[in-house]
Amino acid sequence: MRSLPVQRREDEEEQDETDAETHVKEILRRFPLRQAELHFVPLQDAKDWLSSDEASAISVAHFDGEDWSLTWGAEGMQPLRPGAILALPTLTAAHASLDKLLDDASGIASWDVLDGVSMQRSLYKRRVVQIESGDHRLESQDGASRLERAEAERRVDSASVWASIGDPLPDSGWKRRLSRSLKVGTTAFRFEYWSPERGGEAGQLLEDHVARAQEDAANIGALLAPKSDFLQSLLVEAAKRHDLGKKNPKWQRAMGNHDMANPVAKPVVDRPGAIRGYRHEWASLLEMHDQLPVLPEDCSETDRELWLDLWRHLVGSHHGNLRPWLSEKVLDAHPVGKQRQSVLRLESAERFARLQRLLGPCRLAYLEALLKAADVAASQTTEEDDSDEQ
Amino acid sequence: MSNDGLNELLLPLDERNLAQVLSAVALAGLTSRTPGARPFESTCWWGERGFVLKTGLTEVALFDAADNFLRTVRWIPGMGPAEQGTFVAGREVGSNPFISLADNGQENSPFKTFSGQVNPAKDLLDKQRMSLTAPSTTDSWLFQTTRGIASWCLDCRVGSHAYDQGLSSNDEGSGDLDPIYTAVELLGITGASFFTAVQGWQLDENAVGYSIWTQPISLSLVSYAVAGRLDGIPARRYRVSNRGAAYGKGAAYRFFPEARIES
């Protein structure tokens, strides 16, 4: 990202006295930079540039792995560690040594990133609107919210609107999540961040989701191992049960659905409610414990035990938990007796360790990924959306 | 699964001694890979008088399995310091406990207690392995001692007397007289390399933390339990920082004293 405004403008939209630094940090925390917006530079080169005179005149946002801070060059900055992220204003594009460091500094465009490179839909869009004339202007040709110093004859005298992010924002289905007005030089801009509106999408019914997940699981199994009844039945049976725990009224209400006859698989509200530790996959596993699935035919006793172990493990771990443990907080949030849950948790952990030893960590992770792939494909969501699930 | 009919072996290991805790982890790990031990039914826990292993093995068979394993352990040096080598046992590659994963690898590992002049193979592992006495010839294989060989300094009983007086046993001239507990030395370092991820125990530049679980658990869960990752299992939490006594923070030779209980 190369657009960091440095001063805040007071206007009617924001009456609070929060300073520009706080706004910038808020934006960076809530709308993190995408991987493809970043230039990867050697640590020592970045350190050398930060200690240069050129850098001391530039405001730099630094992410140290935990939080963002703003400094001028290296002054006051925490030591730069591997993996640190620096965000610089696009106004710095004309600086020679920085251009050399970034190599391709003249051609940075972020709109493609914000539209999502490999995602099925954008995570967020940014729009910058010039709301007051001054000595800077918005160059939007490359869609990167590039701000530049305006020459006197080219100054914009009246407020104008520039949608800086490639495609215009759609009329519906998107909601403005954050709007902050900041001043760059003497020009005021409004930085808006938009993301898809959950309520604008039809909430996927749990029944439909599970049916699609089974279908996708069957396809994956058939493609990978057409002759393996073991794998195909394993994936389909795991997909069939993986979201049983979502039927719980507590989960449904937290996701914004109050029609218990038609449970949903995904949140239908922008901000799902907190359910204090409830994990739907753990609830699925608790419910599955007494159920017997359709086992593959002609299964030896050893294979049968392995199949059942994998079936339970894939369901329990499809959000990355129970590998091997769950916290006490999770157990407290479920209506089943604590002692029984403790026993099942221990069994689950032992099962995980047993499977890891038997199959090896990579093969087990691969099998976990197959169910996960079916789940994500059936959801038509991104992994990040999935993290909202509880 | 029922574990009736298994032997309950009480190993008088001290939960405050880092080397002995790692030895317990190694013995549990070795038991879990020995078919005659009935590993899936075996359990272990820490009791008032030491580490308890409920297994199909007898004590002699357990020590035999441990002795056989320890004799296969080798140090494969890297191109540079100890952080670049690794332990192997037969065809199995262990992890390197001298690597720190803290602070993006910029901190040193507290487990590297020796200076760059020490060769982990020549000065420590090979000599210790050569002096290890087979269990069939001793009744106290676990606590056998030898002198004149350096320690990995994870065992709080070793070397601390001189350091606590402000000088090393080299300066004191008593280095060759310091006993080491050979089996515990070897079990401790292999426990750290093959049976648990000690890099995750690091609390800061000098300190490590571990948990002592007091409820029987499956052997396959030992590496999680000792790292304190099994929330809800009754456990005592310990912390221990290595130190170089009068030589201060920069001392090249350090050792782990007795751990103190935190909770």
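Here is a yes/no grid of residues against (1) within 21 Å of B:Glu48 (Cα to Cα); (2) modelled with pLDDT of 95 or more; (3) within 9 Å of chain A (Cβ to nearest Cβ); (4) surrounded by fewer than 23 Cβ atoms within 10 Å (Cβ to Cβ):
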{"site": "B:Ile212", "(1), (2), (3), (4)": "yes, yes, no, yes"}
{"site": "B:Val226", "(1), (2), (3), (4)": "yes, yes, no, no"}
{"site": "B:Arg229", "(1), (2), (3), (4)": "no, no, yes, yes"}
{"site": "B:Gly232", "(1), (2), (3), (4)": "yes, no, yes, yes"}
{"site": "B:Ala235", "(1), (2), (3), (4)": "yes, yes, no, yes"}
{"site": "B:Val240", "(1), (2), (3), (4)": "yes, yes, no, no"}
{"site": "B:Arg243", "(1), (2), (3), (4)": "no, no, no, yes"}
{"site": "B:Gly248", "(1), (2), (3), (4)": "no, no, no, yes"}
{"site": "B:Ala251", "(1), (2), (3), (4)": "no, no, no, yes"}
Within segment B:174-213, can you find the residues that are outside any loop (DSSP other than H, G, I, E, B) and aliphatic (A, V, I, L, M)?
B:Leu177, B:Ile180, B:Ala183, B:Val184, B:Leu186, B:Leu187, B:Ile189, B:Ala192, B:Val198, B:Ala207, B:Val208, B:Ile212
Checked A:Lys266, A:Lys227 against criteria (buried (at least 22 other Cβ atoms within 10 Å of the Cβ) and of a type in the set (D, E, K, R)); the one match is A:Lys266
For segment B:214-242, give me each residue that is assigned to a helix (DSSP H, G or I) and without any contact (Cβ under 8 Å) to a residue 40 or more places away in the chain.
B:Leu221, B:Tyr224, B:Ala225
Out of all the residues in segment A:239-263, which are open to solvent by less than 10 Å² (accessible area, probe 1.4 Å) and more than 25 Å from the chain's Cα centre (by Cα)?
none
Would you confirm whether or not segment A:282-304 contains a residue that is over 30 Å from B:Ile233 (Cα atoms), at pLDDT 90 or above and within 14 Å of chain B (Cβ to nearest Cβ)?
yes
Among the residues of segment A:335-365 satisfying the criterion of being among the charged types (D, E, K, R) and at the interface with chain B (Cβ under 10 Å from one of its Cβ atoms), which is surrounded by the most Cβ atoms within 10 Å (Cβ to Cβ)?
A:Arg345
What are the residues in segment A:305-322 that are within 14 Å of chain B (Cβ to nearest Cβ) and either over 20 Å from A:Glu287 (Cβ atoms) or free of Cβ contacts under 8 Å to residues at least 40 places away in the same chain (or both), if any?
A:Glu305, A:Leu306
It is to be established whether one or more residues within segment B:183-191 are under 13 Å from the mean Cα position of the chain (by Cα) and within 14 Å of another protein chain (Cβ to nearest Cβ).
no
Which one of the conditions (1) farther than 24 Å from A:Lys372 by Cβ; (2) more than 14 Å from chain B (Cβ to nearest Cβ); (3) among the acidic types (Asp, Glu) does A:Asp332 fail to meet, given that it meets all the rest?
(2)
Can you tell me which of B:Ala19, B:Ala37 is surrounded by 21 or more Cβ atoms within 10 Å (Cβ to Cβ) and in contact (Cβ under 8 Å) with a residue 40 or more places away in the chain?
B:Ala19
Has segment A:296-305 got any residue that is more than 25 Å from A:Tyr366 (Cα to Cα), over 21 Å from the mean Cα position of the chain (by Cα) and open to solvent by 50 Å² or more (accessible area, probe 1.4 Å)?
no
For segment A:48-62, indicate whether the set of residues that are under 26 Å from the mean Cα position of the chain (by Cα) and part of a loop (DSSP other than H, G, I, E, B) is non-empty.
no
If you go through segment A:280-302 one residue at a time, do you hit one that is farther than 19 Å from A:Gly245 by Cα and aliphatic (A, V, I, L, M)?
yes
Take the conditions within 14 Å of chain A (Cβ to nearest Cβ), farther than 26 Å from B:Lys122 by Cβ and open to solvent by less than 20 Å² (accessible area, probe 1.4 Å) and apply them to B:Ser42. Does it pass?
yes
Of the listed residues (B:Glu15, B:Glu59, B:Glu41), the one being more than 20 Å from the chain's Cα centre (by Cα) and acidic (Asp, Glu) is B:Glu41
When you scan segment A:19-71, how many residues do you find that are touching a helix residue (DSSP H, G or I) at 6+ places or on another chain (Cβ under 6 Å), open to solvent by 40 Å² or more (accessible area, probe 1.4 Å) and under 21 Å from A:Val184 (Cβ atoms)?
2
Unmet requirement for A:Ser327, which otherwise passes all of (1) within 13 Å of chain B (Cβ to nearest Cβ); (2) without any contact (Cβ under 8 Å) to a residue 40 or more places away in the chain
(2)
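The values are calculated or read from the model by the stated rules, or taken from the named source; none is laboratory data. Only a predicted model underlies this, so the values are computations on that prediction, with no experimental measurement involved. FYI the Cβ positions are ideal-geometry reconstructions off the backbone, even for glycines, and counts take in every protein chain you see. These area figures cover heavy atoms from the full protein model, side chains too; ligands, DNA and RNA do not enter into them. Shrake-Rupley method; radii C 1.70, N 1.55, O 1.52, S 1.80 Å.
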